[in-house]
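Here is the structure we will look at, set down as structure tokens.
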Amino acid sequence: MQDAPTQILRTQHLPARIAAQFARQIQQGALKPGDRLPTENAMSRSFGVSRTVIREAIAQLRNEGMIETRQGVGAFVIDRPTRHIRLDDRADSDGHAFRDLFQLRVPLEIEAAGLAAAGHGPEHLRQMDAALARMRVTDDSAHDGILADLEFHRIIAAATGNDYFVQFLGAVSDRILQTIVRSRERIRLEEIVAIVEREHTAVRDAIAARDPVRARAAMRAHMAGSAERIALRVEFYL
């Protein structure tokens, strides 16, 4: 029986802290492969946070490869390699931290796009298309587009066939999520959705065409645009 969740301080980055609690329970064996996490409503009440916060925490755990979500059923702990990566989540979300993030993320994402172009399967394309459809939403459920953006990059990492890409990108998924949220705060929703859809579609189409060079170039352009949207100047050497 896993420990009861504890209330989360409002000064903390809520999704990351909630994800960290469940990650510890999974790592320590309190939650085992096949176990179902509590419902969003139950977690929202237990932690004293909104369901939006819970969804972001679940998205982070999914991107770290610790759980899978089944439509209409719930979130379940899955088997994963014994070795995995979890970063210290105390880093501030300031310009310096974002710069450090992009210095790691840029080469990883560009190489992942190239490898995905060479090795993806039909299911990866189907999942990318589903994530793109969710990203296009501009109504009251538009927040789901943020999580879909994160999911799109996780799918590319999985399409490489190399679990290290999934693990490394999963380890920084919380920071990536913060940059997506920051960009949406700076730019009108309809405008940012159109820009992001265009950039992600270019990456998807290059991967679908099995063109690693074009896929790498499209991802590089997306990384440059992502940095620019949070007023970050990043030097590219790739």
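The values are calculated or read from the model by the stated rules, or taken from the named source; none is laboratory data. This one's a predicted model, so the numbers in the text were calculated from it and none came from an experiment. Methodologically, a virtual Cβ is constructed for each residue, glycine included, from the backbone with ideal geometry; neighbour enumeration extends over all protein chains shown.
Some notes on this structure:
- Selection status of ARG214, assigned to a helix (DSSP H, G or I), buried (at least 17 other Cβ atoms within 10 Å of the Cβ) and either basic (Lys, Arg) or outside the structural domain of ALA148 (by TED's automatic domain parsing) (or both): yes
- Failed item, numbered, when GLU228 is tested on (1) loosely packed, with under 15 Cβ neighbours inside 10 Å; (2) in contact (Cβ under 8 Å) with a residue 60 or more places away in the chain: (2)
- Of the residues examined, ALA224 is one that is of a type in the set (A, V, I, L, M) and under 23 Å from LEU115 (Cβ atoms).
- Pairs with Cβ under 6 Å, 6+ apart, first in the range 110-136 and in contact (Cβ under 8 Å) with a residue 60 or more places away in the chain, second surrounded by 15 or more Cβ atoms within 10 Å (Cβ to Cβ) and outside any helix (DSSP H, G or I): ALA112/THR160; LEU115/THR160; ALA116/THR160; ALA117/ASP211
- Checked against (1) in a loop (DSSP other than H, G, I, E, B); (2) of a type in the set (Lys, Arg); (3) modelled with pLDDT of 80 or more, ARG10 meets all criteria but (3).
- Selection status of ARG204, closer than 21 Å to ALA112 by Cβ, buried (at least 19 other Cβ atoms within 10 Å of the Cβ) and either charged (D, E, K, R) or not assigned by TED's automatic domain parsing to the domain that holds ASP100 (or both): yes
- Matching option when the condition is modelled with pLDDT of 95 or more, surrounded by fewer than 15 Cβ atoms within 10 Å (Cβ to Cβ) and at negative phi, among ARG188, ARG198, ARG233: ARG198
- Filtered residues of the range 45-57 (kept if in a helix (DSSP H, G or I) and either among the basic types (Lys, Arg) or under 23 Å from ASP149 (Cα atoms) (or both)): ARG45, ARG51, THR52, VAL53, ILE54, ARG55, GLU56, ALA57
- Residue count for the range 38-54 under the criterion of being over 19 Å from the mean Cα position of the chain (by Cα), of a type outside the set (Ser, Thr, Tyr) and either closer than 18 Å to GLU68 by Cβ or at pLDDT below 80 (or both): the result is 2.
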